[in-house]
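Asks: Okay, handing you the structure first.
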Amino acid sequence: MKEDYSKYLLEQSRYVVIPVYQPTDQLKQLVYDVTAVGYEVLIVDDGSDPKYDEMWEVLNKKATIMHHGVNRGKGAALKTAFQYLRDCVPDAGLVVTMDADGQHLPKDMERVVETAAAHPNALVLGVRQFDESVPARSRYGNRITRAVFSAVSKTKVTDTQTGLRAFGCGLFDFMLDIPGERYEYEMNMLLYCGKQGVPLLEVPIKTVYLDQKNTSSHFNAVKDSLRIYREIIKFASSSLIGFAVDYASFLLLVPLTAALPYHLIFSNITARIVSGSVNYTINKHMVFSKRKSASHTFSHYVLLAIGILFANSVVLSLLDGILGLPPHVAKLLTELILFILSFTVQSLVIFKPEGSHYDQKEVVKHA
């Protein structure tokens, strides 16, 4: 059945979506190469100068071209294409996005699409191999972003900034609901796929650069990087808020309960109850929304909270009583030790996506 559906998708219209701003001549060759192997091309001109009108006239014979009156950003251009395909192209089966600067080879694009046909409910990424042939700005920038993304999302992605991506038409609504208008939209794709249980699959590709400075890119190293990292930080906000509530409550309660026996344990337990309630509410409605029912998750969350609370109190008592650390220092170290355990159990057990047929971290490799 799965093989039949994959074959059906490959027989439907396959669209290559290319967001464009101030294009180079490489765009013409890319369109010719892609249409030569049987793909439909949808170009979204994101407010390019009027001097490119002649290029649009030439490419209009080979592709469908949509125009933004002003530059709105890569994310906005992609959403314009996805909405058009969803609403106006009933036979659209598979969609693949490519950058306009000729960095992606058509043969790699086809391999990414074939993987998407086999896994239509996944987002398939064409991931670059970051050797010395990749410009330093892209190589080091991706390395840093990849590390931050992995730390926040607990998902390993080899290339967080690849523009070569493919998915089945059933994900249009999901893609249109993802926030972001500029380069941060592509990062949000990865974050929200992990958040909503959409698998991320990887296909290694070769990337062609015209020069070592990658001058054809319109990526602003400062502004666009800030947008991307802002989204990552926002994604991690539930953990930060939960920690802030817990730590503030603990510091407030310690002096107020100093006359009580085991006042440190009492303060810790009370603070954990308060922050646990806040953390569960945020995780359920923001970080792990649209997953299992509240009754199912709450009972498991309570069991996890009790276990974490017990371990938290034991570690805190050891650090304070045996090592003699001040309460505020002991509390920080305790939370650091137990944070990874808590988040891992929540994401893999309590709020595990239902109905997902593929491993989110699966990597699809082709020779």
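Asks: Any idea how many residues of the stretch 1-22 are buried (at least 20 other Cβ atoms within 10 Å of the Cβ) and modelled with pLDDT of 90 or more?
Replies: 6
Asks: Answer with yes or no whether G47 is more than 29 Å from the chain's Cα centre (by Cα) and on the phi > 0 side of the Ramachandran plot.
Replies: no
Asks: Among A271, A248, which is assigned to a helix (DSSP H, G or I), touching an Asp or Glu at 6+ places or on another chain (Cβ under 6 Å), modelled with pLDDT of 75 or more and of a type in the set (A, V, I, L, M)?
Replies: Working: A248 fails: touching an Asp or Glu at 6+ places or on another chain (Cβ under 6 Å).
That would be A271, the only listed residue that is assigned to a helix (DSSP H, G or I), touching an Asp or Glu at 6+ places or on another chain (Cβ under 6 Å), modelled with pLDDT of 75 or more and of a type in the set (A, V, I, L, M).
Asks: For a quick check of your reading: which strands (runs of 3 or more DSSP E) sit entirely within the stretch 6-104 and have at least 2 residues that are out of contact with any Lys or Arg (no Cβ under 8 Å at 6 or more places or on another chain)?
Replies: 13-20, 40-46, 64-68
Asks: Let me ask you something else. Starting from residues that are among the acidic types (D, E) and in contact with a helix residue (DSSP H, G or I) (Cβ under 6 Å, 6 or more places away or on another chain), keep the ones in the stretch 166-188 and report whichever is surrounded by the fewest Cβ atoms within 10 Å (Cβ to Cβ). Outline the logic, then answer.
Replies: The initial filter retains those residues of the stretch 166-188 that are among the acidic types (D, E), namely 173, 177, 181, 184, 186.
If we keep only those that are in contact with a helix residue (DSSP H, G or I) (Cβ under 6 Å, 6 or more places away or on another chain) too, we end up with 181, 184.
Details: E181: 15, E184: 24.
Among those that are among the acidic types (D, E) and in contact with a helix residue (DSSP H, G or I) (Cβ under 6 Å, 6 or more places away or on another chain), it is E181.
Asks: Here's a follow-up. Quick check on this structure: which one of P255, P261 is part of a helix (DSSP H, G or I), modelled with pLDDT of 75 or more and exposed (fewer than 13 other Cβ atoms within 10 Å of the Cβ)?
Replies: Values: P261 fails: part of a helix (DSSP H, G or I).
The conditions single out P255.
Asks: Now, a different point. Which of the residues belonging to the stretch 170-182 are in contact with a Gly (Cβ under 7 Å, 6 or more places away or on another chain) and not charged (D, E, K, R)?
Replies: G180
Asks: In addition: Which count do you get for residues in the stretch 194-204 that are touching a Pro at 6+ places or on another chain (Cβ under 8 Å) and within 15 Å of D159 (Cα to Cα)?
Replies: Counting residues in the stretch 194-204 that are touching a Pro at 6+ places or on another chain (Cβ under 8 Å) and within 15 Å of D159 (Cα to Cα) gives 0.
Asks: Considering only residues of the stretch 86-101 that are touching a residue at least 60 places away in the same chain (Cβ under 8 Å), surrounded by fewer than 20 Cβ atoms within 10 Å (Cβ to Cβ) and not basic (K, R), which is farthest from V203 (Cα to Cα)?
Replies: So the residue we want is V89.
The values are calculated or read from the model by the stated rules, or taken from the named source; none is laboratory data. These numbers come from a predicted model, not from an experiment. As a convention, Cβ positions derive from the backbone with ideal geometry for all residues, glycine included, and neighbour counts pool all protein chains shown.
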